[in-house]
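Here is the structure we will look at.
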Amino acid sequence: MDMILLFLFVGCVTGFFAGLLGIGGGAIIVPVVMYVVSQQAIPTDMVMKIALSTSFFVIIFSTASSAYSHNKHSAILWDQFPFLATGTLIGMFVGTFFVQKISNTILQIVFCIFMIYTIYGLLTKKKETERIENVKDPLISKPALISGGSLIGFISSFIGIAGGTITIPLLSHWGFNTRKCIATSSMIGVIIASIGTIMGIIYGWDQTTINDYYLGFIYLPAFIGISITSILFAPVGVKVAYRLPIPRVRQIFALFLFLVVIKMMYTLIME
């Protein structure tokens, strides 16, 4: 019962941040699933892979709910999305192949390093001006969009996230409206999570059993519990995102990631 309540609570937080920040919530899901799975008789090298795959499966629903809500505000960059999505698919397929070859500890270290880099970027970014919010969408070449998408997909495959921590800064750097960056990130997250889920099932098919509540590398109790509440709370996060000033959203995002990094580093040290 305690485990079920934990997953339901994590789903509430995950869904809220998916809507607020355009992320899938993998930075929350991964550490929680790692903790629960590590209490079971699961080989150490499989723990992080299970956490990543389960995270991706949940993210499909949290980001889809978030993207649907954002699309009501006409905030998704549909003209650029096909090229970003194509690159993301390429990056995900390549990245998930390498993930299966890397040790559990290295994956956790990669996760922490990337989170620290993201926090630094969020806190040092210059204040947005009104011009950035109101300017027309910049013209970005198709090769650049595909290359950017590949980077998003490749890195996301290593840390079990929907790519928001990469997509949003990248689109913002190109000059897109910040809220459009968040909305488009949610849609990209659906692509990333779908591929990550499929690969997690394929690579883990012969290593776990359905009798132990696993579908490949996906831990089904965590998926069901977190998904139910994340879908419900994603629209709430979207509503808050359109009411808070952009700098405040960044600060919330940075604090959220900082807490996750502290927890992950503590886990690494204690192992």
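The values are calculated or read from the model by the stated rules, or taken from the named source; none is laboratory data. Worth saying up front: this structure is predicted, and the values here are computed from it rather than measured. A quick note on method: Cβ atoms are made from the backbone with ideal geometry, for glycine too, and the neighbour counts reach across all protein chains shown. When the accessible area is computed, the model is the full protein with side chains, heavy atoms only, and any ligands, DNA or RNA have been set aside. Shrake-Rupley method; radii C 1.70, N 1.55, O 1.52, S 1.80 Å.
The residues of segment 55-89 that are in a loop (DSSP other than H, G, I, E, B) and of a type in the set (Val, Ile, Thr) amount to a single one, ILE76. Taken over segment 69-82, the criterion of being in contact (Cβ under 8 Å) with a residue 24 or more places away in the chain and either crowded, with 24+ Cβ neighbours inside 10 Å or farther than 23 Å from ILE155 by Cα (or both) is satisfied by SER69, HIS70, ASN71, HIS73, ALA75, ASP79.
Give the residue, chosen from ILE252, ILE228, ILE224, ILE262, that is closer than 12 Å to LEU21 by Cα, in a helix (DSSP H, G or I), of a type in the set (A, V, I, L, M, F, W, C) and open to solvent by 30 Å² or more (accessible area, probe 1.4 Å).
Numbers: ILE228 fails: closer than 12 Å to LEU21 by Cα; ILE224 fails: closer than 12 Å to LEU21 by Cα; ILE262 fails: closer than 12 Å to LEU21 by Cα.
The conditions single out ILE252.
In this structure, does THR96 turn out to be within 19 Å of GLY196 (Cα to Cα), crowded, with 21+ Cβ neighbours inside 10 Å and β-branched (Val, Ile, Thr)? Let's see the steps before the verdict.
On the way: within 19 Å of GLY196 (Cα to Cα): yes; crowded, with 21+ Cβ neighbours inside 10 Å: yes; β-branched (Val, Ile, Thr): yes.
Spelling it out, THR96 is indeed within 19 Å of GLY196 (Cα to Cα), crowded, with 21+ Cβ neighbours inside 10 Å and β-branched (Val, Ile, Thr).
Taking the conditions exactly as written (within 14 Å of GLY19 (Cα to Cα) and open to solvent by 10 Å² or more (accessible area, probe 1.4 Å)), does ARG243 satisfy them or not? Judged against the criteria, ARG243 is a match.
Looking at PHE83, PHE111 in this structure, which one is of a type outside the set (D, E, K, R) and within 16 Å of LEU170 (Cβ to Cβ)? Steps first, answer last, please.
Working: PHE111 fails: within 16 Å of LEU170 (Cβ to Cβ).
Matching residue, one of PHE83, PHE111: PHE83.
Find the residue count for segment 196-221, including only residues that are open to solvent by 20 Å² or more (accessible area, probe 1.4 Å) and either touching a Ser or Thr at 6+ places or on another chain (Cβ under 9 Å) or part of a helix (DSSP H, G or I) (or both). Residues that pass the stated criteria total 11. The residues of segment 1-54 that are outside any helix (DSSP H, G or I), surrounded by fewer than 16 Cβ atoms within 10 Å (Cβ to Cβ) and not polar (S, T, N, Q), listed by number, are MET1, ALA41, PRO43.
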